[in-house]
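Undergrad: Input: one structure, supplied below.
The values are calculated or read from the model by the stated rules, or taken from the named source; none is laboratory data. Since this is a predicted model, take the numbers as computed values, not measurements. For neighbour counting, all protein chains shown are included, and Cβ atoms are generated from backbone atoms with ideal geometry for every residue, glycine included. Protein only, heavy atoms only, side chains kept; ligands, DNA and RNA dropped before computing areas. Shrake-Rupley method; radii C 1.70, N 1.55, O 1.52, S 1.80 Å.
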Amino acid sequence: MRLKNCHNFHDFRRMAKQRLPGPIFNYIDGAADDESTHRRNTRAFDDCDLVPNILRGVTDVDMSVTIMGQKLAMPVYCSPTALQRLFHPQGERAVAAAAGKYGTMFGVSSLGTVSLEEARKISNTPQVYQFYFHRDRGLNREMMNRAKQAGVEVMMLTVDSITGGNRERDKRTGFAIPFRLNLAGITQFAIKPAWAINYFLHESFKLPQLDTHVDMGSGTMSISRYFTEMLDPSMTWDDVAEMVRHWGGQFCLKGVMSVADARRAVEIGCTGIVLSNHGGRQLDGSRSAFDQLAEIVDAVGDRIDVIMDGGVQRGTHVLKALSLGAKAVGLGRYYLFPLAAAGQAGVERALEQMRIEIERDMKLMGVTSLDQLSRENLRFHGNSFTSSRPPS
């Protein structure tokens with residue numbers, strides 16, 4: 001399969017599956033427990049229909065948005081994800097460059113494989129640092145200071161990962177960093193030698209944000225142990241409030257799902273929240289962000305920037321989220337599979353396809369700017385009456 005034959009999310013996923021060893025593909029593709037939340041994340045959009053308007057004189061469209069003080073040329077951004085150089089040797093470098101080309105935001109994870117500083121030099125578009133809260137409070141402050149010095153615009157604290165989810169696909173292959181594969185996992189690597197050649201011919205794998213704190217090379221720490229031993233499950237709202245004050249800038253909580261938590265985020269001074277269930281990788285059976293979006297927007301949307309991620313595969317998904325009141329939408333697997341398939345060229349093709357879809361869909365909806373979208377453009381399945389509001 002060739003990149004020119006990739007026309008949608010599923011094509012990129014198939015191409016990535018052809019290229020990657022099974023354990024790494026399943027690390028991207030998999031989710032927690034029965035993976036029901038992962039499936040629901042995309043299916044939720046199918047329960048909502050768009051109602052277009054016609055004869056609105058639409059020629060040019062403006063798809064730019066401003067979130068947390070950052071101007072983006074399109075209403076999607078590349079959400080921070082871990083371990084990207086495992087998927088392709090270019091890793092975060094490819095994502096930063098592609099995001100820069102398309103004028104949108106990108107993120108680097110605490111478990112990123114390229115440093116904050118290097119990523120910042122690649123792109124001049126807004127950069128997010130996805131941060132995990134560690135038991136060592138000094139380490140937390142040190143990492144925030146480093147991000148500030150690197151020029152990161154938005155601090156994004158992930159709050160739904162105080163322990164790792166039950167990802168059974170990884171257990172079946174023994175996937176971990178450093179590799180501790182069982183026979184099934186080793187066999188799957190053996191049948192994809194091109195990946196191994198690429199991996200060993202490029203610079204050694206490392207986690208630059210943690211390299212002075214976590215020894216990944218000697219086999220003393222795996223990703224699962226990082227979550228269970230270094231992260232602090234006792235984190236409280238008071239801890240986060242202190243971080244918000246210390247950062248002193250745009251601060252976002254990722255993993256908020258309840259109205260009560262959204263209101264608390266406002267109270268402690270956060271400027272944004274991301275409705276997210278971590279791609280279904282943490283608590284299986286949790287609600288999809290799209291299903292929960294209207295409730296959160298109604299509660300706090302006039303006081304804080306509400307963003308969502310999870311399951312977004314089409315431009316129409318983005319327009320549905322924006323119609324409900326989201327300010328922007330985060331992409332995860334949507335760009336990770338293209339990254340795995342073809343590096344920077346893959347990410348650029350995926351973002352270009354998303355840009356084209358959003359532009360086309362805006363014209364078909366009869367809007368010239370995204371702020372013209374509203375719940376009047378939506379109808380939800382299962383209602384006993386026609387309503388522009390989602391069912392309660």
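Undergrad: Where residues in segment 39-57 are more than 14 Å from LEU373 (Cα to Cα) and in contact with a Ser or Thr (Cβ under 9 Å, 6 or more places away or on another chain), which of them is surrounded by the fewest Cβ atoms within 10 Å (Cβ to Cβ)?
TA: Initially, segment 39-57 is screened for residues more than 14 Å from LEU373 (Cα to Cα), giving 39-48, 55, 57.
Retained after the next criterion (residues that are in contact with a Ser or Thr (Cβ under 9 Å, 6 or more places away or on another chain)): 40-45, 48, 57.
Values: ARG40: 21, ASN41: 29, THR42: 19, ARG43: 14, ALA44: 20, PHE45: 20, CYS48: 19, GLY57: 6.
So, considering only residues that are more than 14 Å from LEU373 (Cα to Cα) and in contact with a Ser or Thr (Cβ under 9 Å, 6 or more places away or on another chain), the one surrounded by the fewest Cβ atoms within 10 Å (Cβ to Cβ) is GLY57.
Undergrad: Among what's in segment 243-288 and is farther than 24 Å from VAL152 by Cβ and among the small types (Gly, Ala, Ser), pick the residue that is farthest from the chain's Cα centre (by Cα).
TA: Ranking the qualifying residues of segment 243-288, first place goes to ALA260.
Undergrad: Another question, then. Within segment 72-91, can you find the residues that are farther than 28 Å from ALA194 by Cα, in contact with a Phe, Trp or Tyr (Cβ under 7 Å, 6 or more places away or on another chain) and not hydroxyl-bearing (Ser, Thr, Tyr)?
TA: The initial filter retains those residues of segment 72-91 that are farther than 28 Å from ALA194 by Cα, namely 72-77.
Adding the requirement that they be in contact with a Phe, Trp or Tyr (Cβ under 7 Å, 6 or more places away or on another chain) leaves 73-74, 77.
Hits for segment 72-91 are ALA73, MET74.
Undergrad: Quick one: in segment 196-217, of everything that is closer than 15 Å to PRO89 by Cα, open to solvent by less than 90 Å² (accessible area, probe 1.4 Å) and aliphatic (A, V, I, L, M), which residue is modelled with the lowest pLDDT?
TA: ALA196
Undergrad: I'm checking my understanding of the structure. Among residues of segment 16-38 that are part of a helix (DSSP H, G or I), open to solvent by less than 20 Å² (accessible area, probe 1.4 Å) and not aromatic (Phe, Trp, Tyr), which one is farthest from TYR199 (Cα to Cα)? Talk me through it step by step, then tell me what you get.
TA: The first filter runs over segment 16-38 and keeps only residues part of a helix (DSSP H, G or I), leaving 16-19, 22-29, 36-38.
Still in the list and also open to solvent by less than 20 Å² (accessible area, probe 1.4 Å): 16, 22-25, 28-29, 37.
In the following step, the residues that additionally are not aromatic (Phe, Trp, Tyr) were identified as 16, 22-24, 28-29, 37.
Values: ALA16: 15, GLY22: 15, PRO23: 14, ILE24: 12, ILE28: 17, ASP29: 20, THR37: 32 Å.
Only one residue tops the list, namely THR37.
Undergrad: Identify, from the list VAL95, VAL108, the residue that is of a type in the set (A, V, I, L, M, F, W, C), in contact with a strand residue (DSSP E or B) (Cβ under 7 Å, 6 or more places away or on another chain) and either open to solvent by 10 Å² or more (accessible area, probe 1.4 Å) or within 13 Å of GLY343 (Cα to Cα) (or both). Even if it seems obvious, please write down each step before you answer.
TA: Values: VAL108 fails: either open to solvent by 10 Å² or more (accessible area, probe 1.4 Å) or within 13 Å of GLY343 (Cα to Cα) (or both).
Just a single option satisfies the conditions, and that option is VAL95.
Undergrad: List the residue pairs whose Cβ atoms are under 8 Å apart, where the first residue sits in segment 235-252 and is aliphatic (A, V, I, L, M), the second is at pLDDT 95 or above and assigned to a strand (DSSP E or B), and the two are 6 or more positions apart or on different chains.
TA: VAL240/LEU157; VAL240/LEU253; MET243/MET155; MET243/LEU157; MET243/PHE251; VAL244/PHE251
Undergrad: Additional query: ARG85 - would you say it is touching a residue at least 60 places away in the same chain (Cβ under 8 Å) and surrounded by fewer than 17 Cβ atoms within 10 Å (Cβ to Cβ)? Walk me through how you get there before you give the answer.
TA: Numbers: touching a residue at least 60 places away in the same chain (Cβ under 8 Å): yes; surrounded by fewer than 17 Cβ atoms within 10 Å (Cβ to Cβ): no.
No; evaluated as a whole, the condition is false for this residue.
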